Amino acid sequence: MPNSRVRLIAGNWKMNNDVAEAAKLADELAEALNEVPAGVEVVVCPPTIDITTVHDRIQAAPVKLGAQNVYWEEKGAYTGESSCAMLKSAGCTYCIIGHSERRDYFHETDADENKKAKALIAAGITPIFCCGESLETREAGEHVSLVCAQIKAGLEGIELTSADQLVIAYEPIWAIGTGKTATAADAQEVCGAIRATLVEIFGEQLAGGIRVLYGGSAKPENIAGFLAEEDVDGALVGGASLKADAFSAMVEKAGE
Ligand code: PGA
């Protein structure tokens, strides 16, 4: 392993699996992942409606629970939303924020992600803060500057006391769900720049411990290449997290 950070393999189920389907997949995962290799942490992020079901079924396994979204207000008239305290009471210790699908389809801004990140950290839930560029931005050669700007804006005013309070996921939009992956060198270029930005914000010591994940058509066949890079500490997995065998194979590879 290129560094001493605990690797993180996180499954993002997106809007897939009704309650019965979620129960089945959670049971399969609990069985396949009843042991997780040393130095690897595993999280699954089901749709909000499935969180409690998945919680109950993975309890005995070394698999943590995350949400896919949160609202920053404490409570009140915010139809359709869930608060940090609600996620916490359901057993979530992680929450994905800033996913490109939220930014693109639901018009979330850097300022929204900043409020979500602050609320989650205050509640003791670790944000998996997503960033990433479109194909157009990459072709214009502006991917590194765009991603670093997303990080700076999204994390503005945030203070950490420990590196495990934050996870970053670099997900080039053109690689999400397309079967088109970035090369390991592409991932390292941006993840390295993300770490340099984290050093500017939080200082060497904290930044050196924050996990930076790659996401975008990650699968058992390509994960090892990403993980061999110095600044890639795991993966945020969409499609391949919906199959217990593929997801557990990725966890195994992360332990090698
Ligand atoms: P994918 O999704 O693995 O299906 O490309 C990754 C993500 O969007 O988190």
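Here are a few things to note about the model shown:
- Net charge of Cβ neighbours under 13 Å - reference residue 203; Lys, Arg +1; Asp, Glu -1: -2
- Comparing 66, 98, 225 in a Gaussian network model of the chain where C-alpha atoms under 10 Å apart are linked, the largest mean-square fluctuation is found at 225.
- Karplus (6.51, -1.76, 1.60) ³J(HN,Hα), θ = phi - 60°, over the stretch 159-170, in Hz, Gly and Pro reported as x: 10, 10, 9, 8, 5, 7, 7, 8, 10, 10, 10, 8
- Annotation for the stretch 226-241 versus the stretch 14-64: alpha-carbon center distance of 18 Å.
- Probing with 1.4 Å while keeping every protein chain in the model, the per residue accessible area of the stretch 18-131 equals 47 Å².
- Taken about its Cα centre, the stretch 59-217 carries a charge dipole of about 540 debye when Lys and Arg each add +1 at the Cβ and Asp and Glu each add -1 at the Cβ.
- Among the trypsin sites (Lys or Arg not before Pro) in the stretch 1-78, those located in a DSSP loop and surrounded by at most 16 other Cβ atoms within 10 Å of their own Cβ are 75.
- Residues in the stretch 249-255 carry Karplus couplings, in order, of 5, 5, 5, 4, 4, 5, x Hz; the curve used is 6.51 cos²θ - 1.76 cosθ + 1.60 with θ = phi - 60°, and Gly or Pro positions show x.
- Within the accessible surface of the chain, defined with a 1.4 Å probe on protein heavy atoms only, the carbon and sulfur portion equals 51 percent.
- In the stretch 28-71, GluC sites (Glu not before Pro) in a DSSP loop with at most 15 other beta-carbon atoms within 10 Å: 35
- Compactness relative to 2.2 N^0.38 Å, alpha carbon Rg of the stretch 100-191: 1.11
- Stokes-Einstein D for the chain, Kirkwood Rh over Cα pairs, 10 °C, 1.306 mPa s (µm²/s): 88 µm²/s
- For the set 152/219; 64/152; 75/253; 116/243; 75/180, the pairs lying more than 32 angstrom apart at their alpha carbons are 75/253; 75/180.
- Histogram of C-alpha separations across the stretch 36-82, 5 Å bin width, %: 5, 18, 23, 17, 16, 10, 6, 2, 1
- Distance cut-off 17 Å, percentage of C-alpha pairs in the stretch 169-234 lying past it: 36 percent
- Positive-end extreme of charge dipole, the chain - chosen from 216, 120, 206 (charges on Cβ): 120
- Contact order relative to length of the chain, as percent, for alpha carbon pairs under 8 angstrom and 6 or more apart: 22 percent
- Loop-resident chymotrypsin sites (Phe, Trp or Tyr not before Pro) (DSSP state other than H, G, I, E or B) in the stretch 1-97 with no more than 12 further Cβ atoms inside 10 Å of their Cβ: 78.
The values are calculated or read from the model by the stated rules, or taken from the named source; none is laboratory data. Source: prediction; values computed, not measured. So basically every Cβ, Gly included, is an ideal-geometry build from the backbone, and we count neighbours across all protein chains shown. Heavy atoms of the whole protein, side chains included, go into the accessibility calculation; ligands, DNA and RNA do not. Shrake-Rupley method; radii C 1.70, N 1.55, O 1.52, S 1.80 Å.
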